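Worksheet: the structure to be examined is printed underneath.
The values are calculated or read from the model by the stated rules, or taken from the named source; none is laboratory data. The shown structure was predicted, so the numbers you read here are calculated from the model rather than taken from an experiment. Counting neighbours? That spans all protein chains shown, and the Cβs are built from the backbone with ideal geometry, glycine included. What goes into the accessible areas is simple: the full protein's heavy atoms, side chains included, and nothing from ligands, DNA or RNA. Shrake-Rupley method; radii C 1.70, N 1.55, O 1.52, S 1.80 Å.
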Amino acid sequence: MEAALKELLLSPINRPYLTAKTLFVCFVLVCMAPVSAFSQDLSQPGWFLHNQEVYVANLPLLTAPSAEASAVLATALETILQDRDICCGKDSGLEDAVLSAPSSLKELSAKLQGRHVLGDGLSIVVRAEYFPKSSIAPDLIITTLMDQQPMLLKWKSHIYVLYGATYDETRPNNWGSQFVIHKLWLLDPRYSDKRRETELNAETDDWTKIQGILALTVVRP
């Protein structure tokens, strides 16, 4: 069931036309929400949301041409950046960094950080933020995904694309949020079959084997 849901979420969504009645109900709910929230007694405990989901929509489903580390890494980066002029085709801006096959996300972060020249002579600036497992926090993952930004995740020496999560959210007294993650949704670039979409379950998988997360932002000057 979850695999089918993920496949739907990764595909372009065809939204049905809203009826006038639906629009009216939505309008009423949206208008009432702020009134309800601000009328609460902030001295009382806040609210709790169970099994929430966040995901990055419409990612391309790419498969590495081989199981070599550089090929898997290049495909993962292409999935995230979605621009072959940047990564990772011939004469792309990040081609050299990827072909050097860095042994860790920390090393990759250092190679990607900064200015790179594209094949047409224009330049880009890459902001690479590496988070070792000791500094990975639920709010980092959830807020980054909410911004529609997938990340690289290394687990048991394999590179994955982190694109979604299942989590609980608690907001004490309606100020700030606290997150507890139950599952991380991953894409494995090595496969084109059902093994492509996988997950890390907090109850059944060893999260101590996560070796880091890398978030990337590309800026065109």
Quick one: in segment 135-171, of everything that is surrounded by fewer than 19 Cβ atoms within 10 Å (Cβ to Cβ) and basic (Lys, Arg), which residue is modelled with the highest pLDDT? LYS156
Sole miss for ALA128 among (1) farther than 17 Å from LEU214 by Cα; (2) touching a helix residue (DSSP H, G or I) at 6+ places or on another chain (Cβ under 6 Å); (3) small (Gly, Ala, Ser) is condition (1)
Based on what the data block shows, is ASP139 acidic (Asp, Glu), part of a strand (DSSP E or B) and farther than 17 Å from THR208 by Cα? no
ASP120 versus (1) open to solvent by less than 20 Å² (accessible area, probe 1.4 Å); (2) charged (D, E, K, R); (3) more than 29 Å from TRP207 (Cα to Cα): which is the lone unmet condition? (1)
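Every residue, every condition in (1) part of a helix (DSSP H, G or I); (2) exposed (fewer than 12 other Cβ atoms within 10 Å of the Cβ); (3) of a type outside the set (D, E, K, R); (4) at pLDDT 80 or above, yes or no:
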{"position": "LEU8", "(1), (2), (3), (4)": "yes, yes, yes, no"}
{"position": "LEU18", "(1), (2), (3), (4)": "no, yes, yes, no"}
{"position": "PRO34", "(1), (2), (3), (4)": "yes, yes, yes, no"}
{"position": "GLN40", "(1), (2), (3), (4)": "no, no, yes, no"}
{"position": "SER43", "(1), (2), (3), (4)": "no, yes, yes, no"}
{"position": "LEU62", "(1), (2), (3), (4)": "no, no, yes, yes"}
{"position": "SER66", "(1), (2), (3), (4)": "no, yes, yes, yes"}
{"position": "SER70", "(1), (2), (3), (4)": "yes, no, yes, yes"}
{"position": "SER92", "(1), (2), (3), (4)": "no, no, yes, yes"}
Out of LYS183, LYS111, I need the residue that is modelled with pLDDT of 95 or more, of a type in the set (Lys, Arg) and surrounded by 15 or more Cβ atoms within 10 Å (Cβ to Cβ). Which one? LYS183
Where residues in segment 168-221 are aromatic (Phe, Trp, Tyr) and more than 15 Å from the chain's Cα centre (by Cα), which of them is nearest to GLU53 (Cα to Cα)? PHE179
Between a residue in segment 99-120 that is more than 13 Å from PRO132 (Cβ to Cβ) and any residue that is surrounded by 16 or more Cβ atoms within 10 Å (Cβ to Cβ) and of a type in the set (Lys, Arg), which pairs come within a Cβ distance under 9 Å, given they are 6 or more apart or on different chains? SER100/LYS111; PRO102/LYS111
Inter-residue pairs, beta-carbon under 7 Å, first assigned to a strand (DSSP E or B) and in segment 122-134, second among the small types (Gly, Ala, Ser), 6+ apart: ILE124/GLY93; VAL125/GLY114; VAL126/GLY114; ALA128/SER109; GLU129/ALA215; TYR130/SER109; TYR130/GLY212; PHE131/GLY212
Take the conditions of a type in the set (Val, Ile, Thr) and in contact with a Ser or Thr (Cβ under 9 Å, 6 or more places away or on another chain) and apply them to VAL126. Does it pass? yes
